[in-house]
Amino acid sequence: MNTVLVEKEVVTPSKIVCVGRNYVEHIKELNNEIPTSMVLFMKPNSAISSELSTLGRELHYEGEISFLISNSRISAVGFGLDLTDRALQGELKKRGLPWERAKAFDGAGVFSEFVRICENDIRSLSLKLYINDNLTQIGGVELMIYPPSIILGEISTFSTLEDGDIVMSGTPKGVGTFKVGDKFRGEIYIANKLILSKTWIAI
């Protein structure tokens, strides 16, 4: 089973639950409709990786504030990259088929280490993603259609979040493709204070 680090403690998530279309500007950039209810999908443990890879094909990156769950509550935060085979996803959507082949493949969930946070700080979280030192994505909880507390409540209506599970809260605008050798730097902030920074070189 794949693992993540929470302040040097090894944790094994059973699954990743992802929120789609949670930032209005990202919805617009992909010409999607604003959903009338929360869009949720899952990635298995086998999708978890600490390395960023193109996997030999054209993939899109989506930077996301990612939460680690303990006792049915958010206990830690990390930077996650939701990798998507966008062309395949488009084909599947047109045919009314599930997204798993485009979203849940091995290596499709790339994570930094996680750091523990207080519940009161969740509303102040934001992210920045730099690619080759250029600011590419920026967003935070205040821009989400569904904030973290609502996300957890909705997930609980159909699936139990086990200790160590990860919730990816959606991506702001600025998604796109990447290539081997690109340098990614993901940052998480509480208000204006940097609490986490992670760099990947795409392979």
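Readers should treat all values here as calculations from the given coordinates under stated rules, not as data from a laboratory. Computed from a predicted structure; not experimentally measured. Note that we place each Cβ from the backbone using ideal geometry, even for glycine, and neighbour counts take in every protein chain shown.
In table form, for the structure just shown:
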quantity	calculated
Burial ordering of R21, R57, R123, fewest other beta-carbon atoms within 10 Å first	R57, R123, R21
Fewest-first ranking of I203, I16, I195, using other Cβ atoms within 10 Å as the exposure measure	I203, I195, I16
Within segment 91-149: Cβ-based charge dipole about Cα centre, in debye rounded to nearest 20 (Lys, Arg +1; Asp, Glu -1)	360
Debye, to nearest 20: dipole size of the chain, +1 on Lys, Arg Cβ, -1 on Asp, Glu Cβ	360
Cα pair count fraction exceeding 16 Å, expressed as % - segment 22-66	58
Overall form of segment 47-203 per C-alpha gyration tensor (a/c, 1.5; a/b vs b/c)	oblate
Helix-derived mean residue ellipticity, 222 nm - over the chain, DSSP H n ≥ 4, -39500 (n - 2.57), to 500	-3500 deg cm²/dmol
Links that overshoot a 30 Å alpha carbon limit, given the list K94/K198; K94/K183; K93/K193; K8/K103	K94/K198; K94/K183; K93/K193
